[in-house]
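Please read the structure below before turning to the comments.
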Amino acid sequence: MVVTKRRIMKGLDKMVSLKDKTEESQLNTQNGLSDGGHILYIYEDVTKYIKNAINYIVEGIENNDQVIFVDSDEKIEMVLGGLREKEVSKAALTYLTLVNADDFYHTYSDTGAPDLEVLEVFTEPHLKKSRSIRTWGHVTPKDIEKLLDYEYDSDAYINKYQIYSVCAYDGKNISASFMMKMLSVHEYLMTDESIVPSNLYQKQTSSSPSIVEQINLEKKEANIRLRSEQLTFAGQFAAGICHEIRNPLTTIKGFFQLMKEESTNDKFNQVIEQELERIQQITSELLLLAKPNSEQRDKHNLIDIIQDVKILLDSQAVMKSIQIKTIFEYDSLIIDCDDTKVKQVIINIVKNAIEVMENGDITIRLTKKNNFAVMSIKDQGPGIAKEVMNKIGQPFFTTKKDGTGLGLIISFNIIKSHGGNISIQSEEGIGTTFNIVLPLMES
């Protein structure tokens with residue numbers, strides 16, 4: 001089965017009983033798994049093994065999945081007999097590919113496991129047709145380390161193309177230590193009568209999240225949604241407030257120019273003019289917040305953008321004994337952006353850092369992860385207090401005496417409009433790090 005999304009099953013309430021209800025063991029993946037995945041099947045009873053395999057195949061055929069079944073000729077005949085008893089039509093059997101295990105596993109004959117290229121040969125023609133796929137393979141373990149390497153590669157492949165895949169092992173022929181290793185590369189453990197999540201599963205050698213980590217991930221996702229809603233509201237609010245302020249502001253400035261010509265109180269005139277300019281600056285920032293999108297996007301090397309900002313701010317930093325350092329892990333990271341707006345974001349964050357520091361370093365590190373550029377801007381300032389951390393980036397919240405609280409939220413909005421996101425890490429007395437993630441252009 002092709003799955004829409006791989007999720008971790010939550011709690012033992014998701015455990016599925018496969019015990020017979022009508023003298024037949026049932027593997028019903030619709031009820032048994034949250035969304036599919038890589039399944040380790042340790043069986044003991046061959047009769048139940050065949051019944052589970054038949055149910056797995058029948059469900060796949062009913063869902064129009066392409067099913068690939070790999071086993072010995074003897075078990076293939078037993079499965080075919082069961083399918084005939086279920087009166088599966090010849091037309092339906094066109095969705096089933098039956099493969100002799102020795103032929104399928106010939107590439108790694110010393111391990112009893114297939115080379116990933118062999119698996120790709122059987123699956124890719126169906127993937128190109130956007131066909132849902134489920135596989136079932138009986139494996140005989142020999143060289144455990146090579147088999148583990150294959151299972152890791154296979155797990156990544158299954159995750160990439162969202163495939164249901166059962167790897168069946170005869171429980172009488174494997175040790176407890178072998179099973180523990182296999183549980184680290186399979187998302188679920190299945191027996192003749194039940195299926196549960198594997199709490200040892202390590203997706204691509206990374207530990208699956210604990211309950212606490214899972215809660216933190218969900219909180220992070222909720223915060224991202226909340227921030228998105230705040231940005232949307234702030235943009236709508238900004239557009240409305242600008243419309244209401246700019247027209248009377250223009251009138252006031254016009255009359256003030258006339259009054260200046262007749263007034264002799266230059267001190268008061270200067271104060272009024274400064275405050276009018278401040279209002280105009282705020283409305284300009286609000287307009288940027290309301291309209292973060294740009295029609296002037298093009299291919300730009302993010303390294304060049306960062307270097308331009310460094311040149312611009314170096315002199316301001318040196319005046320406070322601050323050094324702006326850059327670390328680039330790649331020669332070129334190309335993004336589709338309005339370079340002036342991305343520069344505006346970096347300038348805003350670096351300038352804020354310069355303002356709160358007396359000396360030290362500001363380090364801009366650029367790397368990539370998967371198809372995203374990852375930029376971190378780390379300062380050695382006083383850090384942000386925990387009690388105000390959640391307020392950073394909210395409309396009109398600022399720790400500056402003369403700040404508007406709009407600079408950061410404009411930055412958040414610009415990065416969001418470019419398909420990226422900003423996160424903040426800070427520790428009082430240590431400093432603050434802004435992490436900016438932007439999608440890379442496809443090469």
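The values are calculated or read from the model by the stated rules, or taken from the named source; none is laboratory data. Owing to the predicted nature of the structure, the values given are computational and were not obtained by experimental measurement. Glycine also receives a Cβ, built like all others from the backbone with ideal geometry; neighbour counts cover every protein chain displayed. These accessible areas exclude ligands, DNA and RNA; they are computed on the full protein's heavy atoms, side chains included. Shrake-Rupley method; radii C 1.70, N 1.55, O 1.52, S 1.80 Å.
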Task: FRET efficiency, 1/(1 + (r/R0)^6) with R0 45 Å, evaluated for residue 368 and residue 72 via beta carbons - done: 0.45
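Order 183-192, 310-319, 361-370 from most to least packed using the mean count of other Cβ atoms within 10 Å. Please report the intermediate quantities before stating the final value.
Values: 183-192: 21.8, 310-319: 13.6, 361-370: 16.0.
Put in order of decreasing packing, that is 183-192, 361-370, 310-319.
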Open item on the list: For the full complex of protein chains and a 1.4 angstrom probe, list 379, 102 by accessible area with the highest value first.
Closed with: 102, 379
Task: Sorted peptide list for 44-53, 116-125, criterion being average Cβ within 10 angstrom, highest first - done: 44-53, 116-125
TODO: Name the residues whose placed amide hydrogens come within less than 5 Å of the amide hydrogen of residue 198, ignoring near sequence neighbours (fewer than 5 apart) on the same chain.
DONE: 188, 189
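Please work out whether the stretch 70-182 counts as rounded, prolate or oblate from its C-alpha gyration tensor, where a ≥ b ≥ c are the square roots of the eigenvalues and a/c under 1.5 means rounded, while otherwise a/b larger than b/c means prolate and anything else oblate?
Oblate shape, in that a/c is at least 1.5 and b/c is the bigger or equal ratio.
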Task: Accessible area (Å², per residue) of the stretch 126-206, counting only protein heavy atoms and a probe of 1.4 Å - done: 46
TODO: Keeping all protein chains in place, calculate the accessible area per residue for the stretch 61-102 (probe 1.4 angstrom), answer in Å².
DONE: 56
Open item on the list: Just to verify a number: what accessible area does residue 388 come out at with the full protein assembly present, 1.4 Å probe, Å² rounded to tens?
Closed with: 30
- [ ] Report the accessible area of residue 259, computed with a 1.4 Å probe over the heavy atoms of all protein chains in place, in Å² rounded to the nearest 10.
- [x] 120
Open item on the list: Just to verify a number: what accessible area does residue 298 come out at with the full protein assembly present, 1.4 Å probe, Å² rounded to tens?
Closed with: 90
